[in-house]
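**Student:** Dropping the structure in here first, questions after.
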Amino acid sequence: KGYFALGTILNGIIIVNEKGKIVRKINKERGLQSQTVHYLFCDEQNELWAGLTYGISRLEVNSPISIFNEKNGIKGSIYNVRSLDELYVSSNLGIFYYENEKFKGVPELTEENALQVFVSPVFNFPENNEQKLLAATTKGTWHIENKKAVKINNIYPLGFYQSSSDPSRIYFNRYFDLFSLSYKVNKFSQPDTLHHFSEYFSIGCEDGKGNLWMFMNSKPFLYNLENKKITTFEENEEI
C-alpha cells in the first residue's frame, strides 16, 4: 500500500510512506522483542516478519485491530473510553489521553493524584457551541479540556444525564441525593440539591413534560422537577 518498513539498530522498526513521513513506530515499548532489527520480510498475507537480535517476530501491521495496554502508558483497570479531540481512557488509577502513539496521564487526575476516574458521555452545549467531557472521581466532579482537568465541585457522582428540554442542565445522583448543575457563559454552576430520597436510586431519562424517569429497587418512578412530586407504580400496572 505504498509503505516501507525500515529496520533500525537502536529503535526497532519504522514504517514510512512514499514521501518518507513516519506513520508508525514499532519497538520494545510496542511489544517487539528487541530494538535491533537485522532482517525484514513480507509474507503472502502482507504481514511483516522481523529477524531480531533476540528471536523472530511476526507483526500484523495490516490488522484493523490495535491493542493498548501498559506498554502504551495505560495504568489500572479500564472503566471508560471516550473521544473528545483526543482519545481518553479512564481507570482506577486516573485518566489518560492518546498522543503520539502513547497514552499520557492527565496530571490533575493521575500520577501522584491517582484515583478512580469514571468519565461521562460527551455533552453538547448548543448555546455555547461547545462539547465537554465530565469525569466522576473519588475527589469530586471535573471537566476535561485541552488535556487538563478542571474541578467543578467536591461531589462524587454515580451517574450523569443531560436534560433534553434544557441542554445546558445536567442531572446527576450520589446515592440518595439528586443534584443538577448548568453550563452557561463558559462556566459550570455550583450544584443544586433537588431531592433527598430514602433509598439508593438511578436516573433513567426525561419525558419532555418536566419529569425524570428514575429507578429505585429496580422499579420505575416519576419525579416532577417543578413540584418535586413522586409518582410510583404498582407491579403489573400499565405505564
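**Student:** Loop only per DSSP, at most 13 neighbouring Cβ atoms within 10 Å: give me the GluC sites (Glu not before Pro) in segment 169-239, ordered by residue number.
**Tutor:** Qualifying residues, ordered by number: 199, 226, 234, 235, 237, 238.
**Student:** Set the Förster radius R0 to 35 Å, insert the Cβ-Cβ distance between residue 158 and residue 67 as r into 1/(1 + (r/R0)^6), and round the FRET efficiency to 0.05.
**Tutor:** The computed FRET efficiency comes out at 0.70.
**Student:** Which of 201, 38, 117 sits farthest toward the positive end of the charge dipole of the chain, with +1 on the Cβ of Lys and Arg and -1 on the Cβ of Asp and Glu?
**Tutor:** Result: 38.
**Student:** Next question, about the same structure. R0 = 45 Å: FRET efficiency of residue 23 with residue 192, Cβ-based, nearest 0.05?
**Tutor:** The pair residue 23/residue 192 has a calculated efficiency of 0.35.
**Student:** What ³J(HN,Hα) values, in whole Hz, does the Karplus curve 6.51 cos²θ - 1.76 cosθ + 1.60 give for segment 134-149 when θ = phi - 60°, with x put for Gly and Pro?
**Tutor:** Per-residue couplings from phi come out as 9, 10, 8, 10, 5, 10, x, 9, 10, 10, 9, 8, 6, 6, 10, 10 Hz.
**Student:** Identify all lysines with a Cα-Cα distance to residue 228 below 18 Å; exclude those on the same chain that are fewer than 8 residues away in sequence.
**Tutor:** Hits, sequence-local ones excluded: 209.
**Student:** Please calculate the 1.4 Å probe accessible area of residue 81, with all protein chains present, and give it to the nearest 10 Å².
**Tutor:** Rounded to the nearest 10, that gives 80 Å².
**Student:** Quick one: if you stick a label point 7 Å off each Cα along the C-beta vector at residue 234 and residue 60, how many nm between them?
**Tutor:** Reported label-point gap for residue 234 and residue 60 is 5.7 nm.
**Student:** Next question, about the same structure. Run the accessible area of the chain with a 1.4 Å probe and give the carbon-and-sulfur part as a rounded percent.
**Tutor:** That fraction is 49 percent.
**Student:** Treat every Asp and Glu Cβ in segment 1-120 as -1 and every Lys and Arg Cβ as +1, leave all other atoms uncharged, and give the resulting dipole magnitude about the Cα centre to the nearest 20 debye.
**Tutor:** It works out to roughly 220 debye.
**Student:** Give the Rg (one decimal place) followed by the Dmax (whole number) of the chain, computed from C-alpha coordinates and expressed in Å.
**Tutor:** Final numbers for Rg and Dmax: 24.3, 75 Å.
**Student:** Could you run the Karplus curve 6.51 cos²θ - 1.76 cosθ + 1.60 with θ = phi - 60° over segment 6-18 and give me ³J(HN,Hα) per residue in whole Hz, x for Gly and Pro?
**Tutor:** Listing the rounded values in order: 10, x, 10, 8, 10, 9, x, 10, 10, 9, 10, 8, 5 Hz.
**Student:** Sticking with this structure for a sec: I need the calculated FRET efficiency for the pair residue 16 and residue 130, taking r as the beta carbon distance and R₀ as 35 Å, to the nearest 0.05.
**Tutor:** 0.40
**Student:** Here's another thing I want to ask about it. Counting only pairs 8 or more residues apart or on different chains, how many lysine pairs in segment 1-143 have their Cα atoms under 14 Å apart?
**Tutor:** Summing the qualifying lysine pairs gives 9.
**Student:** Continuing with this model, one more query. Skip the ligands, DNA and RNA, and give the accessible area per residue of segment 1-160 with a 1.4 Å probe, whole Å².
**Tutor:** 59
**Student:** Of all the stretches in the chain, which is the longest one without any exposed loop site, taking trypsin sites (Lys or Arg not before Pro) in a DSSP loop (any state but H, G, I, E, B) with at most 12 other Cβ atoms within 10 Å?
**Tutor:** 22-208
**Student:** Could you give the dipole magnitude of the chain about its Cα centre, charging the beta-carbon of Lys and Arg +1 and that of Asp and Glu -1, in debye to the nearest 20?
**Tutor:** So the magnitude is around 940 debye.
**Student:** Sticking with this one: If segment 1-44 were replaced by its equivalent ellipsoid, with semi-axes equal to the square roots of 5 times the Cα gyration tensor eigenvalues, what would those be, largest first, whole Å?
**Tutor:** For segment 1-44, the semi-axes come out at 18, 12, 9 Å.
The values are calculated or read from the model by the stated rules, or taken from the named source; none is laboratory data. Keep in mind it's a predicted model, so treat the numbers as computed, not measured. Neighbour counts run over all protein chains shown; Cβ positions are idealised from the backbone, glycine included. In case anyone asks, the SASA skips ligands and DNA or RNA and just uses the protein heavy atoms, side chains included. Shrake-Rupley method; radii C 1.70, N 1.55, O 1.52, S 1.80 Å.
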